[in-house]
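One structure is given here, and the rest of the page talks about it.
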Ligand SMILES: [Zn+2]
């Protein structure tokens with residue numbers, strides 16, 4: 001903690017979630033505001049979470065996808081080759097127009113808002129024949145998008161970190177398979193590591209990624225009742241292949257355009273991690289992603305100090321393989337330390353005093369529900385591991401229960417508005433597929449269609465809840481972050 005930071009959060013999460021979020025991420029030292037508006041500094045504690053996400057996701061994709069690094073600047077002429085990318089990102093692109101001694105550049109350079117326009121020409125160079133397909137590459141990098149609306153650490157920032165995977169395939173079927181595979185990996189990452197259940201779906205036509213044929217999304221419902229887009233996977237069809245000449249020669253020596261995909265997950269994912277699990281005391285980090293899984297807090301008087309600290313080290317040995325830390329800050333009271341680690345969301349606290357040392361026991365306190373139990377030193381490793389698993393399961397289950405209770409159905413415009421406003425969460429309603437119908441809801445209550453579920457059949461004989469014309473699919477309406 002820096003000296004001018006008050007330790008605790010001063011608002012109730014329930015009462016003012018927006019202020020709570022800002023205090024939680026800054027006081028827990030995940031991020032700090034940067035000198036420029038809309039930018040953030042990701043602090044070491046926040047970066048460790050991102051690195052854990054990165055490590056787990058790399059493990060999921062590494063058998064098929066290698067990491068590479070592409071320039072952060074993209075020449076205007078390349079960005080302009082695919083018209084939808086230009087139109088889609090134009091209002092958010094930051095440009096470099098001057099550099100070095102010579103001053104003004106002959107061609108201005110875009111700070112990448114996404115890298116299709118840089119990676120597509122690379123693919124065009126590398127792909128020759130059908131034997132080069134599928135072609136896959138991923139990069140972990142920073143992205144700049146000049147957001148006009150109010151920015152907030154992690155949730156909406158002008159610069160963020162992400163991974164962007166780019167792939168090329170022989171046909172649309174294989175491209176679709178790729179898109180679904182990566183979407184399923186995002187689902188797995190959220191559910192198995194971040195303990196956040198997600199819904200998988202398709203974005204409406206008018207809300208697709210610029211240049212994409214299809215955009216798939218994973219959506220997570222936050223306890224505030226708002227949905228957050230948590231990762232997207234795009235089938236780009238042949239748009240980019242045609243704009244950048246990504247061709248391959250097939251078995252009959254004929255040239256064909258490839259089908260390309262891109263898929264991304266960003267540091268925005270740390271926003272829902274805080275929002276979904278946190279409480280008024282601070283963060284509650286799911287154990288598999290927490291930088292520190294168990295914090296050991298020694299409690300001693302001067303005369304018992306040595307004995308207690310020795311015992312803590314013994315315990316640390318028992319906890320090999322679990323990410324632990326001993327809080328050695330001598331000048332702080334146990335109460336202060338408890339508050340600090342609660343704020344930082346460490347899933348499990350282990351209290352060690354002279355009594356524990358003497359009885360060869362340890363006291364475990366869960367961050368999420370504050371359950372306390374005393375276990376023997378020799379079984380501490382196993383018990384801590386088991387408790388961390390339980391915490392993960394409980395965090396996940398709580399959100400799943402909440403989400404399942406917050407998928408409402410509506411058949412009229414009034415009902416959509418009423419249920420979103422009063423009952424929060426998602427409202428599932430038959431929809432004709434037209435943007436105008438979504439716009440009516442958006443204008444009235446700032447809710448939008450976050451996705452069309454994948455598993456649902458096409459509707460027959462039902463009418464759009466908004467315009468009354470023939471409905472095609474059910475759409476999920478919600479307020480969003
Ligand atoms: Zn309609």
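Readers should treat all values here as calculations from the given coordinates under stated rules, not as data from a laboratory. All of these numbers come straight from a predicted model, not from anything done at the bench. Cβ sites come from the backbone with ideal geometry, for glycine too, and all protein chains shown count toward neighbours.
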The helix 380-405 Cα axis meets the longest alpha-carbon principal axis of the chain at an angle in degrees, between 0 and 90 and rounded to 10, of 50
Quick calc, residue 301 & residue 394: beta-carbon distance into FRET formula, R0 30 Å, rounding 0.05, result 0.25
1/(1 + (r/R0)^6) with r = Cβ-Cβ of residue 14 and residue 360, R0 = 60 Å, i.e. FRET efficiency to nearest 0.05, evaluates to 0.90
Per the helix-only model, the chain has a calculated mean residue ellipticity at 222 nm (DSSP H runs of ≥4, -39500 (n - 2.57) each, divided over all residues, rounded to the nearest 500) of -10000 deg cm²/dmol
Each label sits 7 Å from Cα toward the beta-carbon; between residue 456 and residue 188 the label points are separated, in nm, by 2.8
Output row, site residue 369, 7 Å Cα→C-beta label point, backbone N cut-off 17 Å, window segment 321-356, residues 347-349
Here, residue 238 and residue 69, labelled 7 Å along Cα→Cβ, have an inter-label distance in nm of 3.7
Taking Cα atoms, the helix 172-188 axis meets the longest principal axis of the chain at an angle in degrees (rounded to 10) of 20
Taking Cα atoms, the helix 17-27 axis meets the longest principal axis of the chain at an angle in degrees (rounded to 10) of 60
For residue 150 and residue 108, extending 7 Å from Cα along the Cα-Cβ vector and measuring point to point gives, in nm, a value of 3.0
